[in-house]
Amino acid sequence: MNRLDRLRASVARLRGYSSARMEASGGRVLLNANESPWDDGHHCNRYPDPQPPALLSALAALYGVPADCLLVGRGSDEPIDLLTRAYCEARADAIVISQPTFAMYRVAAELQDAKVLDVPLDPARGFALDIDAVTASALDPRVKLVYVCTPNNPSGGVVARDDLLRLAARLDGHALVVVDEAYVEFSAQGSVADAVVEGANLAVLRTLSKAHGLAGARIGTLIAQPALIAVLRRLLAPYPLPTPSVEVALQALTPAGVERARQRIAAVVAERERVAARLAAEAGVRRVLPSAANFLAFQVDDADSCYRALLAAGVVVRQVGHYLGLGGFLRVSIGRAEENDAFLAALASALAITVSARSAA
Ligand SMILES: *Cc1c(COP(=O)(O)O)cnc(C)c1O
């Protein structure tokens, strides 16, 4: 079964923009792109390579996959957008998501005028993914893409590797399973990128924004089979990756950079466990969701006043109460130890105030 059959016909035919940088390689006197010949030390006078080979090979080594399986974009948000536009015919096709989850899958679908089918995570079972219900929903002939975020943002839980592979196999030839692994570095469970290379009906999203500390550089990667990557590269903006971003990414991916990231990931995981235990022991905290990511979702009696009290103390957390099933929850990112301590202290006094206000009322 050729999985490219499910792409929009117009996308499969599209030739894409052919930039000066793509048409010519080599040469010494570069007079083909209407650039300025003067480099003022920032290496930005030339248009960047659309997919710089050095970055592709560094990311291929990091993720343990061949370079022709990679599409590098402006964050993972760009591959999400490209996948949606490549697969979903407006007003005809659909995606499947499982709320509460990352909002960009839905936003990209709405922008493309594709339908969003929701198979919610089950709050009673620790926000687990219901694989059978997702499969049943995804067999709807309109469905082209199924998003699974693991570890999931904002609930923090993981989907077992066997479940992902089973879902991918059951939907093969029908809908592509897109596994968002933005937080996988913080999880004890590894990536499923190896299964992509072996031909599973999967695509994987990775990013340098979280564990590699480069949210400001906007470097996200889609790992998929080479035939799909070749199509998606034709849809990319002409020069998506700014030269300074590529340069900091290459620095972060040197052996020293990767080792520093590894140490920081270990520090974050240790801090996550410490903060989770402190939250669980806090009288005003009703529930802390187990997290395999670099954040914790926790429930309090009055999330709005708690949020405002934290803010007044200078600590900014995320309000996630509007997500399906997460009423009363806040999400806190794991920071440096002293930042986490500041959060815990501010939370303790915020909860003392709201609890005493309640008993006074
Ligand atoms: C943060 C995050 C991303 C990463 O987005 P970038 O565009 O790569 O910065 C992707 N998916 C999820 C679920 C996230 O929380």
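Scan the range 201-223 and give yes if some residue there is closer than 21 Å to L62 by Cα, touching a residue at least 60 places away in the same chain (Cβ under 8 Å) and more than 12 Å from the ligand (Cβ to nearest atom), otherwise no.
Yes - at least one qualifying residue is present in the range 201-223.
Take the residues in the range 268-278 that are in contact (Cβ under 8 Å) with a residue 60 or more places away in the chain and hydrophobic (A, V, I, L, M, F, W, C), then tell me which one is surrounded by the most Cβ atoms within 10 Å (Cβ to Cβ).
Looking at residues that are in contact (Cβ under 8 Å) with a residue 60 or more places away in the chain and hydrophobic (A, V, I, L, M, F, W, C), I get V275.
If the Cβ limit is 7 Å and pairs must be 6+ apart or interchain, which residue in the range 61-83 that is over 23 Å from D113 (Cβ atoms) and within 16 Å of the ligand (Cβ to nearest atom) pairs with which residue that is small (G, A, S) and part of a helix (DSSP H, G or I)?
Filtered contacts from the range 61-83: Y63/A193; L70/A60.
In the range 1-30, how many are in a loop (DSSP other than H, G, I, E, B), loosely packed, with under 10 Cβ neighbours inside 10 Å, without any contact (Cβ under 8 Å) to a residue 60 or more places away in the chain and not polar (S, T, N, Q)?
Residues flagged as in a loop (DSSP other than H, G, I, E, B), loosely packed, with under 10 Cβ neighbours inside 10 Å, without any contact (Cβ under 8 Å) to a residue 60 or more places away in the chain and not polar (S, T, N, Q) within the range 1-30 amount to 4.
Among the residues of the range 237-277, write down those that are of a type outside the set (D, E, K, R) and touching a strand residue (DSSP E or B) at 6+ places or on another chain (Cβ under 7 Å).
If we filter the range 237-277 for residues that are of a type outside the set (D, E, K, R), which is where we start, we get 237-246, 248-258, 261, 263, 265-270, 275-277.
Listed by number, the residues that qualify are P240, L241, S245, A249, V275, A276.
Evaluate the range 318-338: report whether one residue or more is free of Cβ contacts under 8 Å to residues at least 24 places away in the same chain, more than 30 Å from L82 (Cβ to Cβ) and among the aliphatic types (A, V, I, L, M).
No, there is no match, as no residue in the range 318-338 is free of Cβ contacts under 8 Å to residues at least 24 places away in the same chain, more than 30 Å from L82 (Cβ to Cβ) and among the aliphatic types (A, V, I, L, M).
Just wondering, is there one or more residues in the range 235-250 that are surrounded by fewer than 18 Cβ atoms within 10 Å (Cβ to Cβ), at pLDDT 95 or above and over 20 Å from D49 (Cβ atoms)?
No: zero hits.
Could you tell me which numbered condition A61 fails, if it satisfies all but one of (1) under 26 Å from A175 (Cβ atoms); (2) within 21 Å of the chain's Cα centre (by Cα); (3) surrounded by fewer than 21 Cβ atoms within 10 Å (Cβ to Cβ)?
(1)
Does the range 174-187 contain any residue that is touching a residue at least 12 places away in the same chain (Cβ under 8 Å), of a type in the set (F, W, Y), within 16 Å of the ligand (Cβ to nearest atom) and under 25 Å from L4 (Cα atoms)?
Kept after step one, since they are touching a residue at least 12 places away in the same chain (Cβ under 8 Å), are these residues of the range 174-187: 174-187.
Okay, now just the ones that are also of a type in the set (F, W, Y), so 183, 186.
So of that shortlist, the ones also within 16 Å of the ligand (Cβ to nearest atom) come out as 183, 186.
In the following step, the residues that additionally are under 25 Å from L4 (Cα atoms) were identified as none.
Checked the range 174-187: no residue is touching a residue at least 12 places away in the same chain (Cβ under 8 Å), of a type in the set (F, W, Y), within 16 Å of the ligand (Cβ to nearest atom) and under 25 Å from L4 (Cα atoms).
Which fully enclosed strands (runs of 3 or more DSSP E) of the range 282-341 have 3 or more residues being closer than 30 Å to A266 by Cβ and more than 20 Å from the chain's Cα centre (by Cα)?
Details: elements: 285-288, 295-300, 329-333.
Correct list: 285-288, 295-300.
For the range 274-289, indicate whether the set of residues that are within 16 Å of the ligand (Cβ to nearest atom) and within 21 Å of N340 (Cα to Cα) is non-empty.
Here is the first cut: in the range 274-289, the residues within 16 Å of the ligand (Cβ to nearest atom) are 289.
Adding the requirement that they be within 21 Å of N340 (Cα to Cα) leaves 289.
Checked against the condition, which is being within 16 Å of the ligand (Cβ to nearest atom) and within 21 Å of N340 (Cα to Cα), the range 274-289 yields at least one hit.
The values are calculated or read from the model by the stated rules, or taken from the named source; none is laboratory data. Owing to the predicted nature of the structure, the values given are computational and were not obtained by experimental measurement. When we count neighbours, we look across all protein chains shown, and the Cβ atoms used for this are built from the backbone with ideal geometry, even at glycine.
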